[in-house]
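**Student:** First the structure, which I've put down as structure tokens, then a few questions once you've had a look.
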Amino acid sequence: MPMDIRVGDVIEMKKQHPCGSREWQVLRVGMDFKLRCSGCGHEVMVPRSRAEKAIRKVRREGETV
């Protein structure tokens with residue numbers, strides 16, 4: 001069963017990006033995820049199966065922590 005990830009969500013990954021940030025914004029959802037690093041703005045396309053394994057936490061756009 002695929003995870004409920006939506007465009008606009010901010011996801012925290014298990015490993016950090018070389019810039020030091022662990023947070024990514026979801027730009028596109030499908031068989032691949034298009035993600036933008038919250039630290040440096042780098043954009044990547046990641047296969048859904050690989051991204052779902054690496055996700056630690058999901059924050060919705062309108063959700064308060």
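Taken together, the values in this text are just the output of simple stated rules run on the coordinates, not laboratory data. Because the structure is a prediction, the values reported are computed rather than measured. Note that we place each Cβ from the backbone using ideal geometry, even for glycine, and neighbour counts take in every protein chain shown.
**Student:** Work out, step by step, the length gained on full extension between ILE5 and ARG56: first 0.36 nm times the residue separation, then minus their alpha carbon distance; give nm to one decimal.
**Tutor:** 17.1 nm
**Student:** Can you pull out the cysteines in the chain that have no other Cys Cβ under 4.7 Å?
**Tutor:** Flagged as lacking a Cys partner: CYS37.
**Student:** Using only helices, what value at 222 nm comes out for the chain when you add -39,500 (n - 2.57) per DSSP H run of length 4 or more and divide by the total residues, to the nearest 500 deg cm²/dmol?
**Tutor:** Helix-only estimate at 222 nm: -2500 deg cm²/dmol.
**Student:** In Å and on Cα atoms, what radius of gyration and Dmax does the stretch 10-59 show?
**Tutor:** 9.7, 27
**Student:** So what is the relative contact order of the chain, in percent, for Cα pairs below 8 Å that sit 6 or more residues apart? List each step's numbers first, then the result.
**Tutor:** Values: 112 pairs, mean separation 21.8, N = 65.
Computed over the chain, the figure is 34 percent.
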